[in-house]
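> My questions will all concern the structure given below.
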Amino acid sequence: MGEGLGGRATANTSHCLNCNAGETAPELQPALRMQRQLRATNVWQFVGHHPRIGPVLGIRTIGMFLLGCVLVCRDLKADFDVSNGIAAIVNDSIITVQDVRREAADTIDLYQRTYFDKPDVLEQKRVGALTEALERLIDKQLILDDFKTLGGMIRESYIDDAIRDRVKERFGDRVTLTKSLMAQKITSETFRLRMRNEIIQQIMEQKNVGEVLLVSPAKIERYYQTNLTRFKLGDQIKLRMIEINRPAAGSVEDTFRLIHEIKTKIGAGTSFGEMATSYSEDLYRKEGGLWGWVGEQKLLRGLSEIAFNLPVKECSPIVCRAEAGSDIYWVYQYDNAGKVTIARKFTEPNVFLEEKKFPKGAGLEDLPAFPQSFYLMYVDEKQSARTRPLEEVRDEIEKDLLVQERARLQRKWLQRLRAKAFVSYLP
């Protein structure tokens with residue numbers, strides 16, 4: 001993000017007035033189309049270094065001048081390729097499309113992996129992430145400008161200490177840091193500038209938001225009484241589970257044989273937790289397969305009905321999940337002979353579609369989808385629906401109220417900054 005006019009620009013300013021007319025950025029709709037005529041005027045150098053105009057123009061005047069320049073060239077035909085554009089002007093600084101994309105990159109990457117099969121939802125999430133990223137960048141620039149206006153200074157030694165701490169926490173050593181920066185095409189100067197800006201933002205937030213140290217007991221009680229539904233719990237079970245997945249090149253018969261042997265040992269007296277620690281392939285293996293207290297909503301539909309109908313201290317039948325498409329799956333219940341007795345079909349998210357019963361048991365060739373993951377479940381304890389008492393949730397409520405109050409104070413502070421600043425969103 002550029003730091004401003006008058007010779008204070010970062011590495012991005014060499015492209016900040018160059019919009020690619022041939023390659024639009026639809027997520028931000030940057031209608032600015034810069035071209036060679038504008039570059040030839042050398043507007044940046046003119047405004048920032050002219051012996052008369054530079055020192056005289058105020059922030060709003062500079063901002064309006066820059067905005068006017070880019071709008072004049074918006075509809076001119078461009079004949080060069082540049083991959084950047086202007087997203088917003090904040091006082092005498094600019095935020096580029098590239099800045100926004102970089103800020104939103106991690107969030108968009110997560111959305112792309114989560115909603116890869118839902119393009120409409122992905123596009124909505126992507127645009128939302130870019131919009132939020134732009135607002136964050138504007139807020140950050142306003143904070144930096146306010147720090148400068150107040151005459152704030154950061155000692156270089158303080159930045160050195162912060163970089164050393166960051167290296168120790170995230171990279172281990174400077175060699176790893178250097179390799180990471182090179183992979184991201186970030187110079188050491190840019191990294192140092194970002195560290196400096198982070199320090200400034202922390203200082204300014206502490207000064208303007210501070211620490212909300214106390215929430216009164218009366219306020220906690222009022223919150224509890226007005227949000228009772230939040231503290232209501234449905235039926236819960238203390239669940240253990242063993243999961244065995246069929247290997248890609250493995251047979252269903254071998255996988256079933258293994259989980260059947262596990263169930264036989266449990267029936268003979270070996271503890272469920274011990275068998276889970278030895279064989280389970282899920283995240284709770286080290287805990288003896290213990291999921292802890294769970295409600296019906298936490299479990300996959302089809303498994304939850306079986307688990308919640310289990311008597312305490314009793315192992316479930318062998319259950320299997322079989323994928324039948326991108327968002328459709330079957331849940332099978334097996335008998336001791338390895339035959340499926342019940343097959344139930346569901347679609348994400350957890351909608352029941354149909355049920356098939358096989359009184360004589362169905363073999364592999366009779367199943368609608370190929371078995372993949374096998375499960376055994378065990379209930380340690382059960383707990384009926386209840387409302388959690390105030391004393392159980394007091395600390396939780398206090399933390400929530402502290403977070404809410406800090407968010408309120410921060411919004412108020414940023415609103416004050418925006419009220420006295422020049423901020424222009426480019427269409």
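> For the stretch 185-198, take each phi angle, set θ = phi - 60°, evaluate the Karplus expression 6.51 cos²θ - 1.76 cosθ + 1.60, and give the result in whole Hz per residue in order, putting x for glycine and proline.
6, 10, 7, 5, 5, 5, 4, 5, 4, 5, 5, 4, 5, 4
> So, one more: Hey, can you grab everything whose amide H is under 5 Å from the amide H of Ser93? Only 5+ residues off in sequence or another chain; H modelled, so Pro and N-termini drop out.
none
> Could you tell me which of rounded, prolate or oblate describes the stretch 290-339, using a ≥ b ≥ c as the square roots of the eigenvalues of the alpha-carbon gyration tensor, with rounded for a/c under 1.5 and, failing that, prolate when a/b is larger than b/c and oblate otherwise? Could you put the intermediate results ahead of the total?
Numbers: a/c = 2.69, a/b = 1.15, b/c = 2.33.
Since a/c reaches 1.5 but b/c is at least a/b, the shape of the stretch 290-339 is classed as oblate.
> Something else now. When you count, for each residue, the other Cβ atoms within 10 Å and take the mean per peptide, how do 328-334, 94-100, 227-233, 377-383 rank with the highest first? If you can, show how the numbers build up before the last one.
Details: 328-334: 21.3, 94-100: 25.1, 227-233: 11.9, 377-383: 17.9.
Output ranking for 328-334, 94-100, 227-233, 377-383: 94-100, 328-334, 377-383, 227-233.
> Between Arg192 and Thr264, take the C-beta separation as r, use R0 = 56 Å, and let me know the FRET efficiency to the nearest 0.05.
Working: r = 63 Å, r/R0 = 1.13.
After rounding, the FRET efficiency stands at 0.30.
> Let a ≥ b ≥ c be the square roots of the eigenvalues of the Cα gyration tensor of the stretch 153-291; is it rounded (a/c under 1.5), or, if not, prolate (a/b larger than b/c) or oblate?
Oblate, since a/c reaches 1.5 and b/c is not below a/b.
> With a sphere of radius 12 Å drawn around the Cβ of Arg240, what net charge do the other residues whose Cβ falls strictly inside it have (Lys, Arg +1; Asp, Glu -1)?
Working: positive: Lys238, Arg285, Lys313; negative: Glu243, Glu274, Asp282, Glu287, Glu314, Asp380, Glu381.
Value of the local net charge: -4.
> Exposure proxy check: Leu290, Leu150 ranked by fewest other beta carbons within 10 Å? Please report the intermediate quantities before stating the final value.
Details: Leu290 18, Leu150 10.
Lowest count first: Leu150, Leu290.
> Right, another one. Report the local net charge at Ser384: Lys and Arg +1, Asp and Glu -1, summed over other residues whose C-beta lies under 15 Å from its C-beta. Don't jump to the answer; show the numbers that get you there.
Working: positive: Lys232, Lys238, Lys382, Arg386, Arg388; negative: Asp235, Glu296, Glu381.
Around Ser384, the surrounding residues sum to +2.
> Through the Karplus equation 6.51 cos²θ - 1.76 cosθ + 1.60, θ set to phi - 60°, convert the phi angles of the stretch 247-258 into ³J(HN,Hα) values in whole Hz; use x for Gly and Pro.
x, 4, 9, x, 9, 4, 4, 5, 5, 5, 4, 5
> Output ³J(HN,Hα) for the stretch 222-239: one whole-Hz value per residue in order, computed from phi by the Karplus curve 6.51 cos²θ - 1.76 cosθ + 1.60 with θ = phi - 60°, and x for Gly and Pro.
Values, residue by residue: 4, 4, 4, 5, 8, 10, 4, 4, 5, 9, 7, 10, x, 4, 10, 10, 8, 9 Hz.
> For the ranges 143-149, 353-359, what's the packing order if you count other beta-carbon atoms within 10 Å of each residue, average per peptide, and put the highest first? It would help to have the intermediate numbers written out before the result.
Numbers: 143-149: 18.6, 353-359: 11.7.
Sorting 143-149, 353-359 by mean packing, highest first, produces 143-149, 353-359.
> What does the C-alpha gyration tensor say about the overall shape of the stretch 192-252? Classify as rounded when a/c is under 1.5, otherwise prolate if a/b is larger than b/c, or oblate.
Numbers: a/c = 5.70, a/b = 1.37, b/c = 4.17.
It comes out oblate by the Cα gyration axes.
> In vacuo Debye scattering of the stretch 91-223, one point per C-alpha: log10 I(q)/I(0) at q = 0.10, 0.12, 0.18, 0.22 Å⁻¹?
Listed by q, the Debye log ratios stand at -0.51, -0.71, -1.15, -1.28.
> Ok, one more. For q = 0.11, 0.13, 0.16, 0.17 Å⁻¹, what log10 I(q)/I(0) does the stretch 235-384 give under the Debye formula with an equal point scatterer on each alpha carbon and no solvent?
-0.39, -0.56, -0.87, -0.99
Where a number appears in this text, it was derived from the coordinates with a stated rule and is not lab data. For clarity, every value in this text was computed on a predicted model and none was experimentally measured. Neighbour counts run over all protein chains shown; Cβ positions are idealised from the backbone, glycine included.
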